[in-house]
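> Got a structure here, written out as structure tokens. Questions coming.
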Amino acid sequence: MGERLTIGEAAAESGVSAKMIRHYESVGLIAPPIRGDNNYRFYDARQVHELGFIHRARDLGFSIADIRVLLSLWRDRNRPSAEVKAIALAHLAALDAKVAGLQAMAAQLRQLAAHCPGDARPECPILNNLAAGQRQVQSSR
């Protein structure tokens, strides 16, 4: 039997907080750990490695559902890499769409700020735009 780590030790080793380890266990991403006589959780090296995998996948923004599939593929040594690549490319496309959306928001806010005099007068195109619910910037001059 290999070394068993407490939840705190597993958290330190994997970079995943104890709270998130319990969450990943509750949603079935990792197998329930061995429980000691004191009911403490004890994790083996495989589980700690899986937690590190989950941590890195979360850092890349993968959803729990995607991580579940990626873990399953990682555990299957006969997996086709095409499935892994398809998941990664779909996630990349979603990230690209989010980036484009953020860039559009930044451009709109930049344009609104440029039209705001930013002085002591109460006239404010930014507030007017928000109040009007307009999606496009309109010149206030």
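Taken together, the values in this text are just the output of simple stated rules run on the coordinates, not laboratory data. Predicted model, so just to flag it, every value in this text is computed and none were measured. All Cβ positions, glycine included, derive from the backbone under ideal geometry; neighbour counts span all protein chains shown.
> Using the basic label-point model (7 angstrom from Cα toward the beta carbon), what is the Ala65 to Glu13 distance in nanometres?
3.2
> Under the √(5λ) rule applied to the eigenvalues of the Cα gyration tensor, what semi-axes describe the equivalent ellipsoid of region 88-132? Give them in Å, descending.
33, 9, 5
> What does the C-alpha gyration tensor say about the overall shape of region 5-64? Classify as rounded when a/c is under 1.5, otherwise prolate if a/b is larger than b/c, or oblate.
It is prolate, given that a/c is not under 1.5 and a/b is the larger ratio.
> Let me ask another. Where the only charges are on Cβ atoms (+1 Lys, Arg; -1 Asp, Glu), what is the dipole of the chain about its Cα centre, to the nearest 20 debye?
So the magnitude is around 300 debye.
> Separate question: Specify, per residue and in Å³, the volume enclosed by the convex hull of the alpha carbon atoms belonging to the chain.
Spelled out: Cα convex hull of the chain, divided by residues, is 179 Å³.
> Once label points are set 7 Å from the Cα along Cα→Cβ at both Ala100 and Ala132, what is their separation, rounded to one decimal in nm?
2.7
> If each residue of separation counts as 0.36 nm, what is the full-extension length gain between Glu3 and His23 once their alpha-carbon separation is subtracted?
4.9 nm
> Let me ask another. Per the helix-only calculation at 222 nm, which mean residue ellipticity applies to the chain, given -39500 (n - 2.57) for every DSSP H run of n ≥ 4 and division by its residues, nearest 500 deg cm²/dmol?
-20000 deg cm²/dmol
> Under a plain spin-label model, where a point goes 7 Å from the Cα along Cα-to-Cβ, how far apart in nm are Tyr40 and Leu92?
About 4.4 nm separates the two model spin labels.
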